[in-house]
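Structure first, then comments.
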Amino acid sequence: MTAQENILAQLERLIEHGVMPKSACSGSLLKFVRPLLDAEVLVEERSGGGRHLAVRDAAALRDFCQHKFPDAPVSAGGSTRVSGVARFRDSKAFASNTPEIVVVRAWREDALLLNDQPTCAAAATAQHGIFSFLLNHGPDYSLRGPCALVENPAVFTAFERLGLPVGLVIYGQGRASNRLLEWLAGITSPEFTLLHLPDYDPVGLSEFERLRGRLGGRIHLHLPADLHQRFARHANRSLLDKPNSRAILANLRRTSSDDIRQVLALIDNHNAALEQEALLVE
């Protein structure tokens with residue numbers, strides 16, 4: 001039962017019985033009904049050795065519930081986000097079952113497979129610039145050979161300029177979703193490897209550490225030979241002033257990754273971090 005469903009169940013109990021021991025009320029319910037207590041639709045009263053909530057205006061309480069929880073009908077098998085809005089006015093009330101939209105650019109047809117057969121991802125990239133598919137419990141997509149994962153759209157859309165030997169690049173849209181990470185971790189092809197291109201800042205490095213925790217030796221951090229020169233020319237000190245950056249940086253110092261340690265040394269040397277768009281500066 002979700003938090004919203006729990007609140008609704010307690011309110012329905014109040015409507016049915018007219019009273020409910022305060023000890024049986026969750027903290028989230030008491031916070032939720034504060035406007036009703038202020039308006040004296042509900043009142044808190046002494047009851048024996050404890051206290052209870054009592055309904056003073058049942059009609060107003062039913063109207064309140066109908067407003068907060070419209071419980072409109074939805075088609076069977078639809079999105080849980082739609083159901084959340086229909087029932088609770090909140091698309092995040094239920095765990096999402098919306099399929100993951102994966103966006104890639106490919107240059108080898110066998111880099112992305114569908115049920116073990118090459119897709120048209122490379123042809124679509126040549127014609128339209130990208131290829132996308134839904135990651136759900138339907139068709140079985142998988143990767144083969146060297147691939148890359150890019151954090152930001154500027155590098156994703158101009159990836160060819162980097163001249164890296166990969167057959168496909170995935171747009172990570174910032175932090176990769178858990179569903180995307182589970183898919184990547186479940187790829188069984190022995191030829192599959194992943195090159196990660198994040199921002200060279202605490203958040204980007206922590207994302208690489210998260211990915212490395214699931215993919216192990218199959219993932220590597222992109223460390224161009226001239227990264228130290230790019231730090232010297234384009235690193236930005238304000239990137240370390242963002243909320244939580246210092247705390248994340250402190251946690252990263254415990255890493256066992258040599259790749260991360262190399263970037264930490266550059267961050268310390270320049271007291272600054274580097275956005276991945278600097279890789280495209282001539």
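Any idea which residue in region 1-43 is modelled with the lowest pLDDT, counting only those that are surrounded by 13 or more Cβ atoms within 10 Å (Cβ to Cβ), in a loop (DSSP other than H, G, I, E, B) and not small (Gly, Ala, Ser)? Top of the filtered list is THR2.
Within region 213-229, which residues are under 19 Å from ASN152 (Cα atoms) and either crowded, with 18+ Cβ neighbours inside 10 Å or of a type in the set (A, V, I, L, M) (or both)? Steps first, answer last, please.
So in region 213-229, the residues under 19 Å from ASN152 (Cα atoms) come out as 219-224, 227.
Within region 213-229, ILE219, LEU221, HIS222, LEU223, LEU227 qualify.
Residue-wise test of (1) in contact with a Leu (Cβ under 7 Å, 6 or more places away or on another chain); (2) β-branched (Val, Ile, Thr); (3) farther than 27 Å from PRO118 by Cα.
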| residue | (1), (2), (3) |
| --- | --- |
| ASN178 | no, no, no |
| PHE192 | yes, no, no |
| LEU239 | no, no, yes |
| GLN262 | yes, no, yes |
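Evaluating GLU100 against the criteria (1) in contact with a Lys or Arg (Cβ under 8 Å, 6 or more places away or on another chain); (2) modelled with pLDDT of 95 or more leaves one unmet condition, (2). Of the residues LEU280, LEU249, the single one that is under 20 Å from GLU151 (Cβ atoms), outside the structural domain of ALA148 (by TED's automatic domain parsing) and touching a Lys or Arg at 6+ places or on another chain (Cβ under 9 Å) is LEU280.
The values are calculated or read from the model by the stated rules, or taken from the named source; none is laboratory data. Keep in mind that what you see is a predicted model, and the values were worked out from it rather than measured. FYI the Cβ positions are ideal-geometry reconstructions off the backbone, even for glycines, and counts take in every protein chain you see.
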